[in-house]
Amino acid sequence: MSGQALKTSTSSKCISVVLSGVGGQGTLVAGKLLGKVAMKTGLDVKVSEVHGMSQRGGSVITYVRMGCKVYSPIIDEGMADFCLFFEPLEAIRWVSLLKKGGTMIINSAPVKPLPVLLGNEKYPDRISERIKEAGEGNARVIEIDAKQTAVSFGSAKAANIVMIGALSIFTDIPESVWKESIEESFSEKPHLISMNLDAFQAGRDLVR
């Protein structure tokens, strides 16, 4: 798929990536993996979990900034080149961080909070339509079912790696660097390496 890419050869511009989801979806793991990949290409990187709650179900947002020299990990409103939303409602909450002409990749599988599951609150409707309306004319909007894709490889927890795979298509970073970084990230759990490599490749295939 053509479009803006993370150019590792760029010497001055900082690339800003937002990863947002809920607790338990592995947004920080994905952010650290992205940082590892960038460092392997010689870029300066800052990764920061700047908002959220550690318990499962709480909103979590991670910033990754990379470039020749990065002085702050903070991404201001309208400054993100890419946004990875691991849950649809997170896209509504944080779409304002995306710059005009940026790209957002959204996991279409909702994670409903406890009050919704108990019937005390209602999950917002028309999420997909609202996301597209928010990005219409200003951004590239890509929706994928990262959760179901990950389940097909053995675990819904690999959805974060599916999302990273989708992002990787928009970079000029060699596929081998991504895969090497995944292997290193899961070196202490070698039984998970093959599954996550498959999830990464599936994410790439979803957006080609």
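The values are calculated or read from the model by the stated rules, or taken from the named source; none is laboratory data. For clarity, every value in this text was computed on a predicted model and none was experimentally measured. With ideal geometry, Cβ positions are generated from the backbone for all residues, glycine too; neighbour counts draw on all protein chains shown.
Annotations
- For the criterion of being under 23 Å from residue 42 (Cβ atoms), surrounded by 14 or more Cβ atoms within 10 Å (Cβ to Cβ), modelled with pLDDT under 95 and among the aliphatic types (A, V, I, L, M), residue 173 passes.
- Filtered by the rule that a residue be modelled with pLDDT of 90 or more, closer than 21 Å to residue 96 by Cα, hydrophobic (A, V, I, L, M, F, W, C) and over 11 Å from the mean Cα position of the chain (by Cα), region 4-51 gives 15, 47.
- Scanning region 82-92 for residues that are modelled with pLDDT of 95 or more and not in a loop (DSSP other than H, G, I, E, B) returns 82, 83, 84, 85.
- Within region 175-188, the only residue that satisfies the criterion of being in contact with a helix residue (DSSP H, G or I) (Cβ under 9 Å, 6 or more places away or on another chain), more than 22 Å from residue 21 (Cα to Cα) and not in a helix (DSSP H, G or I) is 187.
- Evaluating residue 165 against the criteria (1) out of contact with any Gly (no Cβ under 6 Å at 6 or more places or on another chain); (2) not in a loop (DSSP other than H, G, I, E, B); (3) not hydroxyl-bearing (Ser, Thr, Tyr) leaves one unmet condition, (1).
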